[in-house]
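This report refers to the structure that appears directly beneath it.
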Ligand SMILES: [Zn+2]
Ligand SMILES: [Zn+2]
């Protein structure tokens, strides 16, 4: 750590108490995507008390009100803009012993958000910006977890949001305009021996709502008058399961449906079964290709039973491709902070998905994992056990990365930005591409003459 980085780390250390308090407060106030109003209000108050002027996503006259905000720190010297972000949302996981209203921070976003407060306070410290150039945007983003698809679709139809993920929604609103490079650190349970873990990227995903429609009737007395939507759904899922051996290893295809249940009783033939799922993949091309096969299989289940199936596909997250030069810079900072042996940056893809991928689709970006939790992520045994690692280490390493990027007239940031080859030339081009993933179709049409038409595309 050089002298400037030591000063920044010292600034952060002075606010250890506030950060750790924020981590606990946010843990006790978990809310799922686009409803994180408590965390939003709490952090707005803290940021404003620290002297920041915020651009708030709930006060943007052009769009519907959602949680989240950003603030800009200008060093006063020209240079590129770095965005550092933290996520606000919790998970829908009622089985967690510390769940509040069925929700819990089993992905550790409370640590990220507390860390953002730590960064904000550290950058206000004396001498913090001396020697740095360019601009730093600190951003709190809602709705990273792609869940509660029916609620998000409702928000979309009302025009409150256009995209289910918070980061693409922020991109659509222009909150990333002028940003040149982006950084995020995510909490994980990495055991005792590892402090930081960084992958070359993450899987992409698209979201699906699959609605099988049948006909209700008496389950004992007149099943011949009904059409069982649950059986149709089971056949459709079985057909997808039989497709799995055709998925290529390199594509990292994942299909993990949940049946949302039927709205009837045991003595009624179920007339509807709603399934939510993702199709994940390491490239957009793979996601589109495999999703086409999956939709065909799902339609097959309906056809077998004489049922209908409505397919509703939405853009999820782009495959997250990290900038490898930026990744090397982050790995260097991690090693300098905790030692070489406690850092692992394998050249491998992580099969989970994040809407940070959407950001990486249009600019150099890097997201990596920081230890400090225990238990399986997204599981009922997940706890934040070591805030010193989960929050403080994450804050200090992000300060070190900022220094590496923005000192020396932003020499290293400029080199990364100059040499980066984005997947899409612009945000506009990116959205034009993912918007084509949208699908709304009743897949089958039963003609009077006995023919059945199958439609797997928008008309
Ligand atoms: Zn998660
Ligand atoms: Zn997460």
Rounded, prolate or oblate: which fits the chain, taking a ≥ b ≥ c as square roots of the Cα gyration tensor eigenvalues, rounded meaning a/c under 1.5, else prolate when a/b beats b/c? prolate
Where does helix 284-305 land angle-wise versus the long Cα axis of the chain, in degrees 0 to 90, nearest 10? 30
Taking neighbour counts of Cβ atoms within 10 Å as a proxy for exposure, in what order, fewest first, do 207, 426 appear? 426, 207
Cα axis of helix 394-419 to longest principal axis of the chain: angle in degrees, 0 to 90, nearest 10? 90
Antiparallel bridge percentage (DSSP; both residues within the stretch 1-141; nearest 5): 60
In what order do 3, 36, 154 fall by count of nearby beta-carbon atoms within 10 Å, going from fewest to most? 3, 154, 36
What is the stretch 271-345's relative contact order, in percent, from Cα pairs under 8 angstrom and six or more apart in sequence? 22
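Let me know the shape class of the stretch 315-459, please: from the alpha-carbon gyration tensor, a ≥ b ≥ c as square roots of the eigenvalues, rounded when a/c is under 1.5, otherwise prolate if a/b is greater than b/c, or oblate.
oblate
In the chain, what % of DSSP beta bridges are antiparallel (nearest 5)?
70
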If you average the sequence gap of Cα pairs under 8 Å that are 6 or more apart and divide by the length of the stretch 231-296, what percent do you get for the contact order? 32
Taking the 0 to 90 degree range and rounding to the nearest ten, how far is the long axis of helix 149-158 tilted relative to the main principal axis of the chain, both from C-alpha atoms? 80
Prolate/oblate/rounded call for the stretch 340-404, Cα gyration tensor, a/c under 1.5 rounded: oblate
Can you compute the helix-only [θ] at 222 nm over the chain? Use -39500 (n - 2.57) per DSSP H run of at least 4 residues, normalise by all residues, nearest 500 deg cm²/dmol. -11000 deg cm²/dmol
Proxy exposure order for 180, 92 (fewest C-beta within 10 Å first) is 92, 180
Largest first and rounded to whole Å, the semi-axes √(5λ) derived from the alpha carbon gyration tensor of the stretch 171-328 read 40, 16, 16
Using Cα-Cα distances under 8 Å and only pairs 6 or more residues apart, what relative contact order does the chain have, in percent? 20
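Every number in this text was worked out from the coordinates using simple rules, so none of it is lab data. Owing to the predicted nature of the structure, the values given are computational and were not obtained by experimental measurement. Please note: Cβ atoms are built from the backbone with ideal geometry, for glycine as well, and neighbour counts cover all protein chains shown.
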